[in-house]
Each structure stands twice: as C-alpha cells, then as structure tokens.
Amino acid sequence: MTDGEEVLLYVYDVTAGLAASLSPVLLSGRKIDGIWHTAIVVYGKEYYFGSGGIGAAIPGTVVGFEPVDKIKLGVTYIPFQVFEEYVNGLAESEFRGDAYHLLNHNCNNFSDTLSNFLVGTGIPSHILNLPDEIINTPFGATIRPFIEQFVTNSPSLERIKREISPEFLQLNSDIEAARNDISNGYRMSEGAEVTTEVDPSVQLAQNLAEAERKEREERRKNREPPIVFKDAVDVHIEFDALVGLIDGKLNEEEQQSLEELHQYMLQDEGSWALGDAFLIFIGRLLTDKSLGDEVSMRCLNVLSAAALKDDVILMLHQDRKQHILMNYAYEVDRLPLPQQKRNHFIICNLFENSGSSEWLLYISEWPFNNTQISNIRVTTKVAVNAVLSEDEELRDRGTAIIYNLATKEVKTVVFDDVAVELTMAILQFLNGNPAEAQLFRCLKSLSQFCQISAQDVPQLIQMIGPHPSKFKGQSERNDQLIEEISKRLR
C-alpha cells in the first residue's frame, strides 16, 4: 500500500516586498504582505500556470527566487499517470495559455483546481481572493504593470519546457492541423517548446520525464487488451435516428451542439469541435423525459461510439465541474433496462484508450444527492450493478468492466477498497453457472485483485467462496488462473 505523495503550495510574492512597503500608504493604513503567485508541488515537480499555459519544473526554479511560504495541502493517492492525464486535459481546455486572465483566471485559480483534484480541498481563500480585493484599487494600479511583466516576460518561465505526454502532443498537433484547414489561418497556441538555453536542472527534469514516458509505453505494450464493443452500434444510423426524434424540439444553442456532435462523430473533426454548452445538451437528451426514452437510448448509443475515440478524454475533461455523464451513470440502478445496457457499453468502451480509462479511476469527489461520489465509485457501482443483474447481457458487460478495471494495474488506497468490493460481487456471480469467457474474466480479475489486496481478497475467497477449484477443467487458460489464485489462498 502506497504512503501517498505530499502536496505543497509554493507561494511567491511577485512584488518582492514592494506590496508590503507601499500598501500602508496607498490603502489608508492597510498592509498587504504580498501579491501572490502560486504553484503546486507534487511528484517531485512544480506545476504552474501563466500566459504561456501550464508548465512543470524542478521545484523552486520557476520564477528565479525562493517562495515566501510552502503550505502543506495534504497527501494524494492519485497515480501519477492519472494526474498527468488530468493536467494534460487542463492544458488544452480550461487552462490554455490564451485563457489566462490576470484577475479572473490566473495561477492561483490553477493551483486551486489542482489542489481540489489532488486532496479534495482548495488553496487558502486569502490567496485566491486577493486580486479582486486589490487590483482595482489605487495600490493595484501602481503594481499591476509589475505583475503583468512578471507573468508574461519572466526569463525563468520562458526556459521551462512543458512536460506533457507524447500522445497528447500528437493529439494537439492533429487538432492544430484541423483548425488550420477550416479557420482561415487561425492558429491555436500549443504551448510550444522554447528555443532558449536550457539549464541543467531543467534538462534533468526533461530526462526524467522521458524515462517516465518509456516506462508507461512499456506498461501499455504489455498490458492485457481491454474488452470493448466496437461493432455494437452503427453510429450513422444512430445519429440519423436521433436527429429525426428531436427535430423541431431544440433551441438555437442546442441546434449548434447537435451540429458539433455531427462534426465529431460523422466528420471526424476531433473533440475540439465540441463547444462549452455541448455536455449540457447531452444532459438534456439523457434526462429530459418530455423527449421520450428513445432519444436517451439513441444518445447513449452515439456516446458509446464516441467513447472509442482517442481524443474523447478532452470531452470528458469538459465535464469536470458539472459531472453530467457520471451523475447519470451513478443512477444506473434507476434507469430502464435498455438504458442500463447502453450505459454499460459506454463504460466498457472508455477503456479503449489510456486517457479515458484512467479518467474512470479518478478519485476526486463531488456531492451528488446527499452523498460524495467520484469517477471510481461510479465505475465500480456500474460494474457491480451489471454483474449482479438478472439480465444475461448486463452480466456479460459487468464481467467485462470488472476485467478492464482489474487489468488496469492501478494500485492506490482507494483501489484497494474497490478490489474488495468487486471481489465480493464476483464471488456472488460465481454462485451461478458462468460461461467460459465470463469465468475467465472473473478468474483473471480475482488473480489481479489478490495482488492488489494481498490480505483481504484471499480471505474473502476462502470465507465466502466458491473456491476457484470448483471450476477446474473448463479450459486450459482458466485452469492456469485457478492455480494462480489457489497459491494465494494457502
């Protein structure tokens, strides 16, 4: 079991003491200790946001001087790969360089977002709210040019190369090419690498990032392929049927979202085509009963095809605040059976690509219907609901989801608990008469869970049963797994 990673908030005074000296004079005796630039330090790197976008560096090397404070925010158990994918998504959506605003969307907002994701709480309010209190005063007018110069012209910031995954860089390049084709020369900032001299500490960080990339690639190469349903729907038929069902029932903004869905799914434009209101539109199609059940079913079918796309992670990151997709999935036990089946297709297919599969395991919580839920809790609930269903198709998809979860090879404190919950569901399912393929998925999952939770899962198998040896003789691959599990039970 991992001890977690400490999360720190580095706090810098961008005025280098000027605020403390001038504020009593310009604010009628009120003293301001500093004007704060912040960054999050975790996994051995310092993550920050400015007019050039998101960057990462060796802690303490970003701005050229030491932080005035290092605040411990907590401990995170989120795997680095999950965190990295999350940051990559922020870099191309909410925290692009061109989205930076000195007052409303700055480094402190970025630090607050990362802090909430990592440890479930934000940064201190006196830091987050300072710009609103100060910048529009005479004192703010005096120091504002200094702050703006710090943000846009810091040599230290220019030296830092953004350390994002190669897959994301390729995706970003594809998006850029598509935009060039249709936008008459309009170009989107890519957080380009800087050509100025790189100091040794930054070079070390880049070398470490490259080593991490190679390790991830090796893990991906050797991992079990996920179970997905690529041919379950014909997206052209589903989209045309959806259009026919909602014709004349959309407002102008929703009509635009429908066109964006068409561009994404049928014209392969990429998820950059999806606007800010797109997921609100999807939410209406899923939950507005006045539209009829068939609308939600057709929408879910289209989304199951979208889940297979390699850039769907950018769409998922748009849902960080409202959680439209996961709130809907969390209520799976209240959905009609046809919607349940289609919802499970989406969850299965999201395991096709590493970014979206890691998104399913996010542990950052939010309130919903008087309870705290997270992506991993929703994914687990969907899996258990399916595998214990009386419907044969749902049971099949439930074993697929559990198999995909087990073979992700993510080991955190939360996933240790999830492994126990999924094991209990598997054991209950095995009291029936599973087909060979379903049995293989369950045995493979139990084998993995025995490694993830080396004490609790073997004890559960022994206490609750059935013992895996009950299924011996069905197939060679299952017999091999039975032997592996049995060794853990001795």
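The values are calculated or read from the model by the stated rules, or taken from the named source; none is laboratory data. Since we're looking at a predicted model, the values are computed, not measured. Note: ideal-geometry Cβ built from the backbone for every residue, glycine included; neighbour counts use all protein chains shown. Surface areas here come from the heavy atoms of the whole protein model, side chains and all, with no ligands, DNA or RNA. Shrake-Rupley method; radii C 1.70, N 1.55, O 1.52, S 1.80 Å.
Observations
- Taking the criterion of being assigned to a loop (DSSP other than H, G, I, E, B), over 11 Å from CYS107 (Cβ atoms) and small (Gly, Ala, Ser), the residues of region 46-84 that qualify are GLY52, GLY60, GLY64.
- Failed criterion for SER290 (all others in (1) part of a helix (DSSP H, G or I); (2) under 20 Å from the mean Cα position of the chain (by Cα) hold): (2)
- Filtered residue count, region 232-283, keeping only those that are without any contact (Cβ under 8 Å) to a residue 40 or more places away in the chain and not β-branched (Val, Ile, Thr): 26
- Annotation note: of VAL202, VAL233, VAL228, the sole residue that is buried (at least 18 other Cβ atoms within 10 Å of the Cβ) and modelled with pLDDT under 75 is VAL202.
- Subset tally (residues that are open to solvent by 20 Å² or more (accessible area, probe 1.4 Å) and among the hydrophobic types (A, V, I, L, M, F, W, C)) for region 280-304: 2
- Residue among ALA383, ALA329 that is under 30 Å from GLY275 (Cα atoms) and open to solvent by less than 20 Å² (accessible area, probe 1.4 Å): ALA329
- LEU300 being of a type outside the set (Phe, Trp, Tyr), assigned to a loop (DSSP other than H, G, I, E, B) and modelled with pLDDT of 90 or more: no
- Matching residues, region 123-138, being open to solvent by 20 Å² or more (accessible area, probe 1.4 Å) and at pLDDT 85 or above: PRO124
- For region 55-88, a residue qualifies if it is polar (S, T, N, Q) and open to solvent by less than 20 Å² (accessible area, probe 1.4 Å), and the qualifying residues are THR76, ASN88.
- Within region 67-95, the set of residues being charged (D, E, K, R) and modelled with pLDDT under 85 comprises GLU85, GLU92, GLU94.
- Applying the condition of being among the hydrophobic types (A, V, I, L, M, F, W, C) and assigned to a loop (DSSP other than H, G, I, E, B) to region 377-431 and asking which residue is modelled with the lowest pLDDT yields VAL410.
- From LEU300, LEU350, residue being aliphatic (A, V, I, L, M) and under 30 Å from THR76 (Cα atoms): LEU350
- Against the test of being open to solvent by less than 30 Å² (accessible area, probe 1.4 Å) and among the charged types (D, E, K, R), the options GLU392, GLU358, GLU352 yield a single qualifying residue, GLU358.
- When LEU308 is tested against (1) part of a loop (DSSP other than H, G, I, E, B); (2) free of Cβ contacts under 8 Å to residues at least 60 places away in the same chain; (3) under 24 Å from the mean Cα position of the chain (by Cα), exactly one condition is not met: (2).
- Matching residues in region 361-376 - criterion: being over 15 Å from GLU331 (Cα atoms) and either modelled with pLDDT of 90 or more or of a type in the set (Asp, Glu) (or both): GLU365
- ASP98 vs. criteria touching a residue at least 40 places away in the same chain (Cβ under 8 Å), open to solvent by 40 Å² or more (accessible area, probe 1.4 Å) and either closer than 20 Å to LEU314 by Cα or touching a helix residue (DSSP H, G or I) at 6+ places or on another chain (Cβ under 9 Å) (or both): yes
- Which listed residue is under 21 Å from ASP416 (Cα atoms) and either open to solvent by 90 Å² or more (accessible area, probe 1.4 Å) or in contact with a strand residue (DSSP E or B) (Cβ under 6 Å, 6 or more places away or on another chain) (or both), from GLN462, GLN480: GLN462
- Of the numbered criteria (1) open to solvent by less than 20 Å² (accessible area, probe 1.4 Å); (2) out of contact with any Asp or Glu (no Cβ under 7 Å at 6 or more places or on another chain), the one SER447 fails is (2).
- In the set (1) touching a residue at least 40 places away in the same chain (Cβ under 8 Å); (2) among the hydrophobic types (A, V, I, L, M, F, W, C); (3) within 22 Å of TYR77 (Cβ to Cβ), the condition left unmet by ILE464 is number (3).
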